[in-house]
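Right, one structure below, let's go through it.
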Amino acid sequence: MKVAILDDYQDVALRLADWSDVRRHAEIVVFNDHVGEPSAVIERLRPFDVVCVMRERTPLPREILQQLPNLKLIASTGPRNASIDGQAATDLGIAVTATGYDSTPTIEFTWSLILANMRVIDREAASLKAGGWQTGLGSNLRGKTLAVVGLGNIGKEVARIGLAFGMKVIAWSQNLTEEKASAAGADLVDKQTLFREADVVTVHLVLSGRTRALIGPSELALMKPTARLVNTSRGPIVDEASLIEALQARRIAGAAVDVFDMEPLPIDHPFRKLENVLATPHIGYVTEDLYRTFYGDAAASITKWLEANAATA
C-alpha cells in the first residue's frame with residue numbers, strides 16, 4: 001500500500017501526528033510542494049492507494065478521480081471538503097473520511113487582520129525594516145461599525161469580539177433572522193444598508209452557487225472611502241476583479257484578504273503589490289493545535305481503513 005500526504009507546505013505532517021500504525025501497513029510519501037494542473041495531479045497520485053489532503057488545496061473532481069484506478073481512500077482534513085467530488089468518489093468505490101475541526105484559529109486570525117489593517121501594521125513594519133519610521137495614520141475600532149456577512153459559528157464569535165472593542169455590529173446574510181442576529185449582539189440590516197454603513201466588512205459564509213460573487217461592484221460602490229473589507233472565508237465570495245479595481249481607484253481604504261480565487265496566489269497578482277492590501281497565504285486555520293487535530297485524526301482513519309483492508313485481503 002502507498003499513502004500520499006499532499007500539500008504539506010510547512011513539512012510538519014509526520015511530526016505533528018503518530019503515523020507509526022500507518023507505516024506498519026503502508027509506505028508514506030509526503031509532498032511539500034503543490035501541483036495544480038489536472039494532468040500533473042493525476043501523474044503524481046496514480047501510484048497511491050490512499051491520499052491525505054489538507055483542506056481544499058488540491059481539488060479532486062470526477063475527471064481526476066476516474067483516472068486514479070489505485071485510489072481507494074481519501075482522508076480529508078476538516079468536517080467537509082467542497083473540492084472533493086463526493087458523488088464521483090462513491091461511484092468509483094473511493095471512501096472519503098473527515099476529521100475534527102475547531103473554528104478558533106479562523107476567529108482569532110480574522111481579528112488579527114482587522115486590527116493590522118486598521119492600524120496599517122504591515123506597512124509600518126515594512127518601513128521600519130527598510131530603515132524608515134512612521135509613515136501613516138491608523139484608525140480606532142471603538143465607535144466604528146463592524147458589518148458581518150454571515151453569522152454562523154465563526155461570524156457570531158467575530159461579532160461578539162467586535163462588541164468587546166466597543167463597535168456597533170450589524171449583520172446580513174440571505175437567511176439571517178432577527179432572532180439569530182440579536183443573539184449575536186448584532187442588528188439585522190438589509191444588504192445595501194450593511195455595505196453603506198460599514199467601517200469594516202468581514203465575510204463569513206460558505207462558498208456555494210448563491211454566495212459566489214455575492215460581493216461585487218454594486219456592493220463595493222456602496223462602501224465608504226474610509227471603509228475596509230476583510231475576507232477569511234473563501235476568495236470567490238468576493239468578485240476579485242471588482243475588489244482590485246476598487247482598491248486601485250482607492251474607492252475604499254483597504255482590504256485584508258487571506259483567501260483567493262486561485263491558490264497559491266500567482267506571482268504577478270495585484271494583491272502582492274497593492275499598498276492598501278494586507279494579503280496572507282490562506283493561513284486563517286493554520287495553527288499547530290488544529291494541525292495536530294487534522295493529521296492525528298487523518299492518521300487514525302487511514303490506519304482503520306488499512307487494517308480493515310488487510311483483514312479482508
Next on the checklist: Filter region 2-46 down to the residues that are under 19 Å from Leu73 (Cα atoms) and among the aromatic types (Phe, Trp, Tyr) and list them by number.
Outcome noted: Trp19, Phe31
Next on the checklist: Just to be sure before I move on: is Leu68 more than 23 Å from the chain's Cα centre (by Cα), of a type in the set (A, V, I, L, M, F, W, C) and either crowded, with 19+ Cβ neighbours inside 10 Å or assigned to a loop (DSSP other than H, G, I, E, B) (or both) in the structure I sent?
Outcome noted: yes
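Quick one: would you say Arg80 is modelled with pLDDT under 95 and among the charged types (D, E, K, R)? Can you show your working first?
Numbers: modelled with pLDDT under 95: yes; among the charged types (D, E, K, R): yes.
It is true that Arg80 is modelled with pLDDT under 95 and among the charged types (D, E, K, R).
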Item to check | Some residue of region 101-115 being in a loop (DSSP other than H, G, I, E, B) and farther than 25 Å from Thr280 by Cα | outcome: no
Checklist outcome for this item: Sole miss for Gly166 among (1) at negative phi; (2) outside any helix (DSSP H, G or I) is condition (1)
Item to check | When residues of region 16-47 are limited to those that are closer than 14 Å to Ala298 by Cβ and part of a loop (DSSP other than H, G, I, E, B), the one farthest from the chain's Cα centre (by Cα) | outcome: Ala26
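Take Ser233 and decide whether it is of a type outside the set (Lys, Arg) and assigned to a helix (DSSP H, G or I).
no
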Checklist entry - Restricting attention to region 71-96, and to residues there that are hydroxyl-bearing (Ser, Thr, Tyr) and crowded, with 18+ Cβ neighbours inside 10 Å, which single residue is farthest from the chain's Cα centre (by Cα)? => result Ser76
Checklist entry - Pairs under 6 Å by beta carbon, first residue free of Cβ contacts under 8 Å to residues at least 24 places away in the same chain in region 266-293, partner β-branched (Val, Ile, Thr), six or more apart or different chains? => result Ala279/Val257
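The values are calculated or read from the model by the stated rules, or taken from the named source; none is laboratory data. Predicted model only: the values in this text are computed from it and were never measured. A quick note on method: Cβ atoms are made from the backbone with ideal geometry, for glycine too, and the neighbour counts reach across all protein chains shown.
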